1. Got a sec? How would C78, C107 order by Cβ neighbour count within 10 Å, fewest to most?
2. Please work out whether the range 32-176 counts as rounded, prolate or oblate from its C-alpha gyration tensor, where a ≥ b ≥ c are the square roots of the eigenvalues and a/c under 1.5 means rounded, while otherwise a/b larger than b/c means prolate and anything else oblate?
3. Quick one: L38, L21, L133, fewest Cβ neighbours within 10 Å first, how do they rank?
4. Among S51, S118, S74, determine the one that fluctuates most according to a GNM of the chain built with springs between C-alpha atoms less than 10 Å apart.
5. Taking R0 as 30 Å, what's the FRET efficiency between T49 and A146 from their Cβ-Cβ distance, rounded to 0.05?
6. With n ≥ 4 as the cut-off for DSSP H runs, can you work out [θ] at 222 nm for the chain, using -39500 (n - 2.57) per run divided by the number of residues, rounded to the nearest 500?
7. Sort E90, E82, E154 so that the residue with the fewest other Cβ atoms within 10 Å of its own Cβ comes first and the one with the most comes last.
8. If I take every Cα pair under 8 Å that is 6 or more residues apart in the range 77-211, average their sequence separation and divide by the length, what percent do I get for the relative contact order?
Amino acid sequence: MTAFADLNALPAAQLANLNELGYLAMTPVQAAALPAILAGKDVRVQAKTGSGKTAAFGLGVLQHIDASQFITQSLVLCPTRELADQVAKELRRLARAMPNIKILTLCGGQPFGVQRDSLQHAPHIIVATPGRLLDHLEKGTVKLDALQTLVLDEADRMLDMGFAEAIDDVIRHAPASRQTLLFSATWPAGIAAISKRVQRDPQSIEIDTVD
Ligand code: ADP
Ligand code: MG
């Protein structure tokens, strides 16, 4: 199965958008992960950089958003501001088929007050680095009570940067009923431990791994 249409889950407008983006077929990681992700299951994916992991979770995240509910429904945690910006850019491309979706990035190094102002109307999707997101959760400027999907992107790099505890603290603010998706290029022992703490019966997918 390689055509996005074969998933029988994406609306015609999204299929047309993917075509316009030049995404003519699913990458192997998308073909392996999207059925479970779109079905709402927890998934942990190990696949090398450049394999199309962003769209694998992005299409699932977007499909589960109710645009009429102005409340944060999805959170993507990334290790750095550069990666958060890249993820947000890709999500916005994928969201062209869904015009009313608000996506906000929250990273350190940007003024807190400006972020607080843009949070007066809750975004549907937040893309953030763990430390700054935690600041917002502690000050009550972000609420995750209605979170449906949590994505840990580049989990190995987040571990390397010492974010394990911050991730745990963020997750304490999220409902237990959420879907949790974990993506990593490598699979050190610490990743297995995080998966065990934060995921429920995850499906494991290993594609194009680096050895
Ligand atoms: P990863 O997160 O695995 O490193 P990315 O999500 O950044 O990979 O994707 C790598 C590149 O592949 C990006 O330029 C993206 O636009 C492109 N891409 C993703 N999915 C597809 C697809 N199905 N067809 C063609 N290009 C794709
Ligand atoms: Mg990536």
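1. Final ranking by Cβ density, sparse to dense: C107, C78.
2. Because its axes are fairly even, with a/c under 1.5, the range 32-176 counts as rounded.
3. L21, L38, L133
4. S118
5. The computed FRET efficiency comes out at 0.40.
6. -12000 deg cm²/dmol
7. Fewest-to-most Cβ neighbours within 10 Å comes out as E82, E90, E154.
8. 24
Values quoted throughout were computed directly from the atomic coordinates according to the rules given, and no laboratory measurement underlies them. Treat the numbers as computed from the prediction; the structure is a model and nothing was measured. In this analysis, Cβ positions are derived from the backbone assuming ideal geometry, glycine residues included, and neighbour counts consider all displayed protein chains.
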